[in-house]
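The structure appears right after this line, and notes come after that.
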Amino acid sequence: MIVVRDIFTAKPGMAGKLARQLKEATAIRPEKKRVLTDLVGAYNTVILEWELDGLAAWQDLLNQHRTDETVRAKMAGYTDLWTEGRREIFEVLV
């Protein structure tokens, strides 16, 4: 199993909007996921976290998101809500 985290630094005042948009856009997906926001640490941090069977499942998810018109419509304008981001992929050992 792997955990994939897309970590965003939202523009000031936009973290809540970004978190809601990510939650709504991914709601149709059956995979285990969650949207996290910071309590301590870097301000305006929003994380979209997925638990998937492996890298092939993650690649399939990316391909489906790129072609799913419902997801694309719900994600419209999301790049205007954040200033930087990164992706982390972890293998779950225990």
Please state which one of 23, 11 is at pLDDT below 95, out of contact with any Gly (no Cβ under 9 Å at 6 or more places or on another chain) and within 16 Å of residue 79 (Cα to Cα).
23
Would you call residue 19 of a type in the set (Gly, Ala, Ser), farther than 18 Å from residue 85 by Cα and not in a strand (DSSP E or B)?
no
Does residue 40 satisfy being out of contact with any strand residue (DSSP E or B) (no Cβ under 6 Å at 6 or more places or on another chain), within 20 Å of residue 88 (Cα to Cα) and hydrophobic (A, V, I, L, M, F, W, C)?
yes
Six or more apart or on different chains, Cβ atoms under 9 Å: show the pairs whose first residue is in the stretch 38-64 and surrounded by 13 or more Cβ atoms within 10 Å (Cβ to Cβ) and among the hydroxyl-bearing types (Ser, Thr, Tyr) and whose second is at pLDDT below 95 and not in a strand (DSSP E or B).
45/38
Among the numbered conditions (1) assigned to a strand (DSSP E or B); (2) more than 12 Å from the chain's Cα centre (by Cα), tell me where residue 42 comes up short.
(1)
If you go through the stretch 26-45, how many residues are within 18 Å of residue 58 (Cβ to Cβ) and in contact with a Phe, Trp or Tyr (Cβ under 8 Å, 6 or more places away or on another chain)?
3
When you look at residue 25, is it under 11 Å from the mean Cα position of the chain (by Cα) and small (Gly, Ala, Ser), yes or no?
yes
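The values are calculated or read from the model by the stated rules, or taken from the named source; none is laboratory data. Note that this is a predicted model, so its numbers are computed, not measured. Glycine gets a Cβ as well: all are built from the backbone with ideal geometry, and neighbour counts include every protein chain shown.
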